[in-house]
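Visitor: Below you will find the structure I want to go over with you.
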Amino acid sequence: MPLTIEVKGSDTLVVAATGYGNKIGRPVNGFFESADLMSADRIVISDPSKMLTLSGLPPDFSTFHDLLDHLKSFIHKGKYKRTIFTGASGGAHTALLLGHLMKADYVVAFAPYPYVSRHELERQNDNSIESMKRVIDQLSKLSDDVKVYFDLNHLLQDWNGHTEYWVHVSRYRHCDLRRCRSLEGIDNLTIVTHPFASHAIAAELANTGRLSECFSFPYSSPAWYRRPIWHALMTMYAVRISLNQRRARGRG
């Protein structure tokens, strides 16, 4: 189902948007368990079209604005004390966008794609313009009323006056880090770099028992992240991964 709701009587609502693999770094239930969010009410959004919900979620929501209205109504009726929007990869764009428009208390985004317009991808010299060509082509066909939501590095400059944005990214995954750097300087937005080399930063944090800390506000990086030996080891790991990827492309 593109949208599922679980109400448990909590005063906290978590709206989670999955990435292109229908995960948030790991399967949805595993993510909520590792994030210590199992007791919260939840809405899980999955867009099989990979259009970041901007073309709606048929058949229930034929447009993005239909989805937005539904979420506004649900949150208003629930009278929640705290709302958190979260997502990973493509789902992180959705989380940042919806959290901004809904004036969520917090947005926690993992390795987001902050911009998806062809113009901005070219301006940023982003290699995903080729790796995500089919998705970019489909997005470019959408109506102008949703194209204004493509590039969050511009949209979020106009802060909504309420939301705290926390963006988590692997320090040694340079393409992801570069994308996140486009969000620097935005009010109330903090970029947190972690000593990993994977796009699946949420999974890395879960595997090391650190994911739940991302939902304890304000977030504070653990001391072991700052140890020089850890950075040296992760740098070597990142170089090895990069070389392996290049060899694989060469064999292809």
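The values are calculated or read from the model by the stated rules, or taken from the named source; none is laboratory data. On a predicted model such as this, the values are computed, not experimentally measured, just so you know. Cβ coordinates were reconstructed from backbone atoms using ideal geometry, including for glycine residues, and neighbour counts include every protein chain displayed.
Visitor: Considering only the range 122-132, how many residues are touching a residue at least 24 places away in the same chain (Cβ under 8 Å), within 18 Å of Tyr20 (Cβ to Cβ) and not in a helix (DSSP H, G or I)?
Guide: So in the range 122-132, the residues touching a residue at least 24 places away in the same chain (Cβ under 8 Å) come out as 124, 126-128.
Then drop every residue that is not within 18 Å of Tyr20 (Cβ to Cβ), which leaves 126-128.
Add one more test, that the residue is not in a helix (DSSP H, G or I), and what stays is 126-127.
Of the residues in that region, 2 qualify.
Visitor: Out of the residues in the range 40-59 that are of a type in the set (A, V, I, L, M) and in a strand (DSSP E or B), which is farthest from Ile84 (Cα to Cα)?
Guide: Ranking the qualifying residues of the range 40-59, first place goes to Leu57.
Visitor: Shifting gears a bit: Taking the range 133-142, which residues are hydrophobic (A, V, I, L, M, F, W, C) and either free of Cβ contacts under 8 Å to residues at least 24 places away in the same chain or surrounded by fewer than 19 Cβ atoms within 10 Å (Cβ to Cβ) (or both)? Can you show your working first?
Guide: Going residue by residue through the range 133-142, those that are hydrophobic (A, V, I, L, M, F, W, C) are 135-136, 139, 142.
Across the range 133-142, the qualifying residues are Val135, Ile136, Leu142.
Visitor: Further, regarding this structure: Tally up the residues in the range 151-194 that are among the aromatic types (Phe, Trp, Tyr), modelled with pLDDT of 95 or more and crowded, with 19+ Cβ neighbours inside 10 Å, please.
Guide: Qualifying residue count, the range 151-194: 2.
Visitor: Looking only at the range 25-39, count every residue that is surrounded by 21 or more Cβ atoms within 10 Å (Cβ to Cβ), at pLDDT 95 or above and assigned to a loop (DSSP other than H, G, I, E, B) and tell me the total.
Guide: Count: 1.
Listed here are the residues, each with its yes/no results for (1) under 13 Å from Ala88 (Cβ atoms); (2) small (Gly, Ala, Ser); (3) not in a strand (DSSP E or B).
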{"position": "His168", "(1), (2), (3)": "yes, no, no"}
{"position": "Leu177", "(1), (2), (3)": "no, no, yes"}
{"position": "Gly185", "(1), (2), (3)": "no, yes, yes"}
{"position": "Thr190", "(1), (2), (3)": "no, no, no"}
{"position": "His199", "(1), (2), (3)": "yes, no, yes"}
{"position": "Ala202", "(1), (2), (3)": "yes, yes, yes"}
{"position": "Leu205", "(1), (2), (3)": "yes, no, yes"}
{"position": "Gly209", "(1), (2), (3)": "no, yes, yes"}
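Visitor: Could you run through the range 138-166 and say how many residues are of a type in the set (Asp, Glu) and in a helix (DSSP H, G or I)?
Guide: 2
Visitor: Here's something else I'd like to know. Determine which single condition Val135 fails, assuming it passes every other condition in (1) closer than 18 Å to Ala17 by Cβ; (2) out of contact with any strand residue (DSSP E or B) (no Cβ under 9 Å at 6 or more places or on another chain); (3) not in a helix (DSSP H, G or I).
Guide: Failed condition: (3).
Visitor: Among (1) among the aromatic types (Phe, Trp, Tyr); (2) at pLDDT 95 or above; (3) closer than 20 Å to Ser131 by Cβ, which single condition is Tyr20 missing?
Guide: Going through the list (1) among the aromatic types (Phe, Trp, Tyr); (2) at pLDDT 95 or above; (3) closer than 20 Å to Ser131 by Cβ, Tyr20 breaks only (2).
Visitor: Which ones in the range 63-77 are of a type outside the set (S, T, N, Q) and surrounded by 15 or more Cβ atoms within 10 Å (Cβ to Cβ)?
Guide: Answer for the range 63-77, where residues must be of a type outside the set (S, T, N, Q) and surrounded by 15 or more Cβ atoms within 10 Å (Cβ to Cβ): Phe64, Leu67, Leu68, His70, Leu71, Phe74, Ile75.
Visitor: Take the range 78-90 and flag every residue that is surrounded by 24 or more Cβ atoms within 10 Å (Cβ to Cβ) and assigned to a loop (DSSP other than H, G, I, E, B).
Guide: Listed by number, the list holds a single entry, Ser89.
Visitor: Please go through the range 91-121 and give me each residue that is surrounded by fewer than 24 Cβ atoms within 10 Å (Cβ to Cβ), part of a helix (DSSP H, G or I) and either among the small types (Gly, Ala, Ser) or at pLDDT below 95 (or both), ordered by number.
Guide: none
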